[in-house]
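Step one of this worksheet: look at the structure below.
The values are calculated or read from the model by the stated rules, or taken from the named source; none is laboratory data. In this text, all values refer to a predicted model and were calculated from it rather than measured experimentally. Here Cβ is always computed from backbone atoms with ideal geometry, including for glycine, and neighbour counts include all displayed protein chains.
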Amino acid sequence: MKQISTFEEYKAEYKRSVEQPEQFWSEVAEDFEWKKKWNTVLDGNFEQVNIKWFDGAELNITENCLDRNLKEKGNQTAIIWEPNDPNEKFRTLTYKELHAEVCRFANALKNLGVNKGDRICIYMPMIPEGAIAMLACARIGAIHSVVFAGFSAASLIDRINDSQCSFVITADAVYRGEKKIELKKIVDEALLQTPSIKNCIVFNHRDSAIEMKPERDLWWKDLVKDASAEHAAGSMNAEDPLFILYTSGSTGKPKGVLHTTAGYMVYVGYTFKNVFNYKEGEVFCCTADIGWVTGHSYLVYGPLLNGATTIMFEGTPAYPDHGRFWDMIDKHRVNIFYTAPTAIRSLQAHGNEIFKNKNLSSLRVLGTVGEPINEEAWHWYNENVGKSNCPIVDTWWQTETGGVLISPIANVTPLKPSFATLPMPGVQPVLMNGDGEEISGNGVEGNLCIKFPWPGMARTVFGDHERFRQTYFSTYKGYYFTGDGCKRDEDGYYRITGRVDDVINVSGHRIGTGEVEDAIDEHNVVVESAVVGFPHDIKGQGIYAFVICDKKVDDDEVLRKEIREHVSKVIGAFARPDKIQIVKGLPKTRSGKIMRRILRKIAEGDTSNLGDTTTLLDPAVVDEIKAGAV
Ligand code: WTA
């Protein structure tokens with residue numbers, strides 16, 4: 001596959017990709033294996049919201065990830081699994097072994113009656129079987145819906161029911177640091193309310209005592225025991241769905257963002273190779289969980305499409321101590337390391353001790369993703385980890401974009417700390433003003449939109465195309481609206497400033513304020529709540545909840561604790577509010593709308609200028625909230 005190697009070349013490629021997008025992407029696509037080539041490269045537009053890429057083509061993405069690598073890289077390591085406990089032996093799977101495991105599990109799924117188009121929920125820890133399950137689904141055309149294993153039973157229920165999954169794949173339990181997470185128990189609780197599920201497949205990871213419900217629950221090992229290690233990959237149409245991934249937005253329940261086969265493959269394969277300047281034989285380590293899009297695109301699909309060695313890390317950066325990442329890099333001679341700013345910030349405070357006796361000389365490229373990286377963290381990462389010798393690619397993208405849209409190309413794009421810099425070839429970012437017009441020129445700021453389709457973009461929201469159109473294509477007609485604010489500096493470099501909608505980004509996890517409010521409101525003494533984000537030194541943003549109760553609460557601390565626990569139960573521990581303020585009223589306009597702008601300011605601790613409060617129904621509530629801020 002073509003790799004951009006100089007900045008001049010990038011500029012030329014970029015120009016060509018904008019002037020002749022179809023020509024450009026068809027050339028990229030030529031480097032993949034197709035069972036049948038496409039009739040058209042791009043159909044549809046952002047007015048109609050009916051995008052198709054490589055229509056008419058037939059392929060199987062796993063043939064590109066696996067079979068194609070067998071001949072020359074059969075004995076090369078495809079996946080290195082680094083366990084939570086560093087004293088436990090790590091595991092490796094060669095391309096040959098991974099291929100065989102995927103074929104076995106694909107045959108097993110087929111034997112259970114899984115068909116093309118069926119939805120399969122994957123609720124797995126960070127173990128190779130998570131990736132094997134994803135690839136086995138793709139091999140037979142089943143649509144995987146991976147749910148991050150930090151989500152609660154209630155969230156799992158919503159996701160399984162929304163896409164009507166027929167199978168769920170999980171493990172008995174997993175340790176994250178010292179904490180044991182009983183995945184099967186969570187699934188058992190969920191399955192009481194998911195009538196579409198026929199079977200639950202369980203991988204025995206920790207020999208944990210679990211209940212296996214006869215008929216419904218099946219052991220992974222029993223299913224693959226006699227399954228053949230050969231499987232002829234099914235032929236998928238270019239636009240056949242590949243996966244669903246739920247993500248939060250401003251309103252309503254999380255959406256099942258749907259990605260299709262050919263465009264996603266081409267885009268993720270191309271961006272992996274270019275953004276990270278990946279070289280044959282290198283070891284790539286992405287610390288994201290497979291439950292998020294980064295895990296899908298740059299831990300599983302992107303690296304395997306390029307025949308790379310990819311690391312799956314089960315643990316946390318702080319266990320058994322804050323040197324764990326560096327240990328892992330040293331042990332596996334990692335060449336490219338991709339993590340989140342929140343992880344960097346959480347390690348920054350621990351001094352240089354954490355690098356003692358760790359050899360990081362294998363590192364060549366560093367990356368970040370998920371949230372804006374502040375300059376201080378950028379420099380710390382650059383100096384301490386990269387030894388001022390590794391480019392940092394600050395990759396901006398989203399679940400909906402499938403792959404990286406704005407990012408430096410390692411060793412090609414001149415860097416600027418905390419800037420995602422320039423768009424990938426084929427990506428046309430624009431900034432919009434309050435009147436819905438494109439802002440021209442440089443040294444400007446606005447809402448970030450994308451003007452032209454790219455192959456990796458999501459095609460719809462599962463089962464609700466109208467919601468897809470409304471959410472992303474109705475704010476600015478004819479444009480994809482990202483929900484992010486952005487600056488373009490004098491050099492035309494992009495710097496993402498954060499969400500402009502009601503989504504908060506906590507440690508790189510996207511959380512809708514409405515989701516947290518709904519969870520809090522379920523508590524029996526809560527009448528109403530309003531949730532906003534506030535700047536948090538490590539997490540990027542923290543969650544601040546203003547809560548009205550219907551009776552005098554005896555002990556605020558007890559209530560706060562209960563609310564936090566309830567949010568954990570409804571969404572997951574990562575969505576627990578950091579700060580909870582019990583208030584008598586919320587600042588509402590006469591039409592009953594909460595003025596979040598004011599709450600955000602109070603949460604930020606900036607009450608000097610709250611702006612115009614005269615349109616409020618009861619301006620006095622503001623003083624009360626200000627006085628009680630936590
Ligand atoms: C934010 C994660 C600044 C952004 C791949 C986006 C970023 C949301 C960056 C998507 C970055 C992601 N700089 N902000 N490099 N990368 N974001 O869907 O607000 O989990 O809209 O996808 O994360 O989060 P998601």
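For the structure I just gave you, tell me whether Phe32 is surrounded by 20 or more Cβ atoms within 10 Å (Cβ to Cβ) and closer than 16 Å to Pro455 by Cα.
On the way: surrounded by 20 or more Cβ atoms within 10 Å (Cβ to Cβ): yes; closer than 16 Å to Pro455 by Cα: yes.
It is true that Phe32 is surrounded by 20 or more Cβ atoms within 10 Å (Cβ to Cβ) and closer than 16 Å to Pro455 by Cα.
Hey, among Glu466, Glu445, Glu490, Glu528, which residue is of a type in the set (Asp, Glu) and assigned to a helix (DSSP H, G or I)?
Answer to the check: Glu466.
For the stretch 1-90, list the strands (runs of 3 or more DSSP E) that sit wholly inside it and hold at least 3 residues that are without any contact (Cβ under 8 Å) to a residue 40 or more places away in the chain; which are they?
Strands (runs of 3 or more DSSP E) meeting the threshold: 40-43.
When only residues in the stretch 95-125 that are among the β-branched types (Val, Ile, Thr) and within 25 Å of the chain's Cα centre (by Cα) count, which is farthest from Ser163 (Cα to Cα)? Even if it seems obvious, please write down each step before you answer.
Quick first cut of the stretch 95-125, residues among the β-branched types (Val, Ile, Thr) only: 102, 114, 120, 122.
Adding the requirement that they be within 25 Å of the chain's Cα centre (by Cα) leaves 102, 120, 122.
Working: Val102: 24, Ile120: 9, Ile122: 13 Å.
Applying the filter and picking the extreme gives Val102.
Each row is one residue, and each column tells you yes or no for (1) aliphatic (A, V, I, L, M); (2) within 16 Å of the ligand (Cβ to nearest atom); (3) in the same structural domain as Asp289 (by TED's automatic domain parsing).
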site	(1), (2), (3)
Lys451	no, no, yes
Gly492	no, no, no
Ser507	no, yes, no
His523	no, no, no
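Would you tally the residues in the stretch 603-620 being of a type in the set (Gly, Ala, Ser) and at pLDDT 85 or above? I'd like the intermediate steps shown before the answer.
Filtering the stretch 603-620 down to residues of a type in the set (Gly, Ala, Ser) leaves 603, 605, 608, 611, 620.
Cutting the leftovers down to at pLDDT 85 or above gives us 603, 605, 620.
Looking only at that region, the number is 3.
For the stretch 475-490, which positions are within 11 Å of the ligand (Cβ to nearest atom) and aromatic (Phe, Trp, Tyr)?
Residues of the stretch 475-490 that are within 11 Å of the ligand (Cβ to nearest atom), as a first pass: 481-486.
Residue satisfying the conditions is Phe481 alone.
Of the residues Trp380, Trp396, which single one is under 30 Å from Val257 (Cβ atoms) and of a type in the set (Phe, Trp, Tyr)? Step through it out loud before you land on a result.
Values: Trp380 fails: under 30 Å from Val257 (Cβ atoms).
Just a single option satisfies the conditions, and that option is Trp396.
Just give me the residues in the stretch 226-277 being within 17 Å of Asp67 (Cα to Cα) and of a type in the set (Asp, Glu), in sequence order.
Glu230
Tell me the strands (runs of 3 or more DSSP E) entirely within the stretch 302-412 that contain at least 2 residues that are among the hydrophobic types (A, V, I, L, M, F, W, C) and either more than 14 Å from the ligand (Cβ to nearest atom) or farther than 29 Å from Gln428 by Cβ (or both).
Details: elements: 309-313, 336-339, 365-369, 392-395.
Fully inside the stretch 302-412 and qualifying: 309-313, 336-339.
Do the conditions hold for Lys593, that is, is it touching a residue at least 24 places away in the same chain (Cβ under 8 Å), closer than 18 Å to Glu528 by Cβ and not assigned by TED's automatic domain parsing to the domain that holds Ala154? Show your work before the answer.
Numbers: touching a residue at least 24 places away in the same chain (Cβ under 8 Å): no; closer than 18 Å to Glu528 by Cβ: yes; not assigned by TED's automatic domain parsing to the domain that holds Ala154: yes.
Judged against the criteria, Lys593 is not a match.
Among the residues of the stretch 401-412, are any surrounded by fewer than 19 Cβ atoms within 10 Å (Cβ to Cβ), in contact (Cβ under 8 Å) with a residue 60 or more places away in the chain and assigned by TED's automatic domain parsing to the domain that holds Tyr278?
Of the residues in the stretch 401-412, the ones surrounded by fewer than 19 Cβ atoms within 10 Å (Cβ to Cβ) are 411.
Next, from what is left, pick out any that are in contact (Cβ under 8 Å) with a residue 60 or more places away in the chain: 411.
Subset that is assigned by TED's automatic domain parsing to the domain that holds Tyr278: 411.
Yes, there is a match, as at least one residue in the stretch 401-412 is surrounded by fewer than 19 Cβ atoms within 10 Å (Cβ to Cβ), in contact (Cβ under 8 Å) with a residue 60 or more places away in the chain and assigned by TED's automatic domain parsing to the domain that holds Tyr278.
Condition check: at pLDDT 95 or above and touching a strand residue (DSSP E or B) at 6+ places or on another chain (Cβ under 7 Å). Does Arg324 satisfy that?
no
Tally up the residues in the stretch 277-287 that are over 21 Å from Val102 (Cβ atoms) and either in contact with a Cys (Cβ under 6 Å, 6 or more places away or on another chain) or within 14 Å of the ligand (Cβ to nearest atom) (or both), please.
So the answer is 1.
Can you give me the number of residues within the stretch 541-578 that are in a strand (DSSP E or B) and touching a Lys or Arg at 6+ places or on another chain (Cβ under 8 Å)? Can you show your working first?
Step one: list which residues in the stretch 541-578 are in a strand (DSSP E or B), which gives 541-549, 572.
Now narrow it down to the ones that are touching a Lys or Arg at 6+ places or on another chain (Cβ under 8 Å): 542-545, 548.
Count: 5.
Which is surrounded by fewer than 16 Cβ atoms within 10 Å (Cβ to Cβ) and within 25 Å of Ile336 (Cβ to Cβ), of Gly44, Gly74? I'd like the intermediate steps shown before the answer.
On the way: Gly44 fails: within 25 Å of Ile336 (Cβ to Cβ).
Going through Gly44, Gly74 in turn, just one is surrounded by fewer than 16 Cβ atoms within 10 Å (Cβ to Cβ) and within 25 Å of Ile336 (Cβ to Cβ): Gly74.
Could you list, ordered by first residue, the pairs with Cβ atoms under 6 Å in which the first is in the stretch 560-588 and without any contact (Cβ under 8 Å) to a residue 12 or more places away in the chain and the second is surrounded by fewer than 19 Cβ atoms within 10 Å (Cβ to Cβ), at least 6 apart or interchain?
So the pair list comes out empty.
Quick check: anything in the stretch 261-283 assigned to a loop (DSSP other than H, G, I, E, B) and surrounded by 24 or more Cβ atoms within 10 Å (Cβ to Cβ)?
Taking the stretch 261-283 first, the residues assigned to a loop (DSSP other than H, G, I, E, B) are 276-282.
Applying the additional criterion that residues be surrounded by 24 or more Cβ atoms within 10 Å (Cβ to Cβ) yields 276.
The answer is yes; a qualifying residue exists.
Tell me, please, whether a residue that is aromatic (Phe, Trp, Tyr) and more than 16 Å from the ligand (Cβ to nearest atom) can be found in the stretch 457-468.
Start the filter on the stretch 457-468 by keeping residues that are aromatic (Phe, Trp, Tyr), which leaves 462, 468.
The next check asks that each one be more than 16 Å from the ligand (Cβ to nearest atom); those that pass are none.
Scanning the stretch 457-468, I find no residue that is aromatic (Phe, Trp, Tyr) and more than 16 Å from the ligand (Cβ to nearest atom), so the answer is no.
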